[in-house]
Amino acid sequence: MAERGARLLVVDDNKVNRLLLARNVTLQGHQVETAENGRIALEMLRRGGFDLLVLDIEMPDMDGFQVMEQLAADKALRDIPVIVTSSLEGVATIVRCIELGADDYLHKPVNPVLLKARIGSSLEKKRLRDQQKALVERFATSAVAADLQQSGFALGGKRVPATVMFCDIRGFTTIVESQGPEETIELLNTWYTLMFEAITAQSGVVNQMVGDGLMAIFGAPLPVAEPPLAAVRAALEMTEMIDLLNAERAAEGKTALAIGVGIATGDVIAGYTGTQERATYTCVGDTVNLAARLEAHTKLAVRGILVDGATHAALAGRVASEPLGAVQFKGKAQPVDVFAIATARSA
Amino acid sequence: MPASIDRAVFSELQQTAGADFVIELVDTFAEEAPAMFAELRSAHAAAAAERFRRAAHSLKTNANTFGATALGTKARELELGGLPADASGIDALQALFDMTAPALKELARG
């Protein structure tokens, strides 16, 4: 249990209070360290490793309110639960503590039974928060998780320049039909692992996975130096990974995989969409549609990676490519210039 | 007992924190209190109302921890009463403390 043996910091300028709180906490089976003012407490917290803070309000040098303000502004520290212990009178103090993010408020002299209950509940809440954070990271990619933690969760979007990538496995249905379900899931997991690796290495964010396809964004939610170049490099890396995977599959007598990648650059509307209960970071707009069309067009063009004119222009000749001329896509008023990126196989 | 100590509060402290620890804690209070009184007097002399209030607040909190009700009540008066015109309140609090500290020590050592 997290409740057992947590590491707590007791902050109080009054020695009798400090000793007594530390004693109570130790008797409850936790490890405890003490600080006599807010400034020392912050230094200790920044060195890391504390699960919970028991904080007095009135202290010289830096008081409890200031400590909580500093904690809230510090990404690494703002999730540490704070239990305020004070004998200040009046509701205003309690309200201010809660506004500053305190988990609980205990009046001094602190009742040890109450303290135990509050510490247990705060640690449990922290454990759940940590678990939630880990889940968000697993399912939403760390870039989106970091953005969420930084800016908080708010539905609503903004227009941002970005590069969008669509990718899927060619002839996946045929492969599915030729093998058992376990093997299919295993193949998908391997495939996703390889693709995620290549995309994340270029600071891209995978924001959709559907069957054997995925969508990735470069440049949102976090800025990337050159989204078009990053996306194309990721695509080349993905192609190489597939070649490696195919070498293994050939040794096992299995059919080779081929992927199609479409990349387009331009403004996208990015943001969290859904409801307050269930939402996803997504990008929509013409650029997204175009990337999807380009990905679909790889079959017809018999090329692995296709990019639009904007992406091609941004590459400025740093990656070998071949112009395929203008193509009229469904839903597009004007024909779009399409370029194929030279892969190891096509070179 | 003139020092008026709430025995129930004191024995609960002994039960929850341990009797030996309470001996140590009472001694710590006796050691720390003179500095709090010095702060109270110096804040009063300097007409530093906030410092005065804080020092009284500390004494109140500690007194309440041990169930020293008379001391706690008097300290609270000073805490909430603003900067007093003279030092008589501090003197009265000091007199109460001088009575209370030995009583607490005696109580702690059973």
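The values are calculated or read from the model by the stated rules, or taken from the named source; none is laboratory data. For clarity, every value in this text was computed on a predicted model and none was experimentally measured. Please note: Cβ atoms are built from the backbone with ideal geometry, for glycine as well, and neighbour counts cover all protein chains shown.
Results for (1) among the aromatic types (Phe, Trp, Tyr); (2) surrounded by fewer than 17 Cβ atoms within 10 Å (Cβ to Cβ); (3) at pLDDT below 95, shown as yes or no for each residue.
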position: B:PHE10; (1), (2), (3): yes, no, no
position: B:GLN14; (1), (2), (3): no, no, no
position: B:ASP20; (1), (2), (3): no, yes, no
position: B:LEU25; (1), (2), (3): no, no, no
position: B:GLU31; (1), (2), (3): no, yes, no
position: B:MET36; (1), (2), (3): no, no, no
position: B:ALA47; (1), (2), (3): no, yes, no
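If only one of A:GLU248, A:GLU237 is under 26 Å from A:VAL160 (Cβ atoms), outside any strand (DSSP E or B), in the same structural domain as A:ASN189 (by TED's automatic domain parsing) and modelled with pLDDT under 95, which one is it? The match here is A:GLU237. If only residues of the range B:25-72 that are more than 11 Å from the chain's Cα centre (by Cα) and either of a type in the set (Val, Ile, Thr) or not in a helix (DSSP H, G or I) (or both) are counted, the one that is farthest from the other protein chains (Cβ to nearest Cβ) is B:ALA47.
Entry remark, the range A:256-298: residues being modelled with pLDDT under 90 and of a type in the set (Lys, Arg) number 1 in total.
On inspection, A:ILE217 passes the criterion of being modelled with pLDDT of 90 or more, in the same structural domain as A:ASN289 (by TED's automatic domain parsing) and outside any helix (DSSP H, G or I). All told, A:ALA41 meets the bar of being among the small types (Gly, Ala, Ser) and in a helix (DSSP H, G or I). Restricting the search to the range A:81-110, which residues are away from chain B (no Cβ under 14 Å), surrounded by 20 or more Cβ atoms within 10 Å (Cβ to Cβ) and part of a loop (DSSP other than H, G, I, E, B)? Listed by number, the residues that qualify are A:PRO81, A:ALA102, A:ASP103. Which of the residues that make up the range A:255-270 are more than 16 Å from A:ALA198 (Cα to Cα) and either without any contact (Cβ under 8 Å) to a residue 12 or more places away in the chain or not in a loop (DSSP other than H, G, I, E, B) (or both)? Listed by number, the residues that qualify are A:ALA256, A:ALA264, A:THR265, A:GLY266, A:ASP267, A:VAL268, A:ILE269, A:ALA270. In the set A:THR34, A:THR85, only one residue is at pLDDT 95 or above, in the same structural domain as A:LYS125 (by TED's automatic domain parsing) and among the hydroxyl-bearing types (Ser, Thr, Tyr); that residue is A:THR34. Whether a residue is within 14 Å of chain A (Cβ to nearest Cβ), touching a residue at least 40 places away in the same chain (Cβ under 8 Å) and among the polar types (S, T, N, Q) was assessed, and B:GLN94 does not pass this test.
With respect to the conditions (1) hydrophobic (A, V, I, L, M, F, W, C); (2) touching a residue at least 24 places away in the same chain (Cβ under 8 Å); (3) loosely packed, with under 13 Cβ neighbours inside 10 Å, B:LEU107 lacks only one, and its number is (3).
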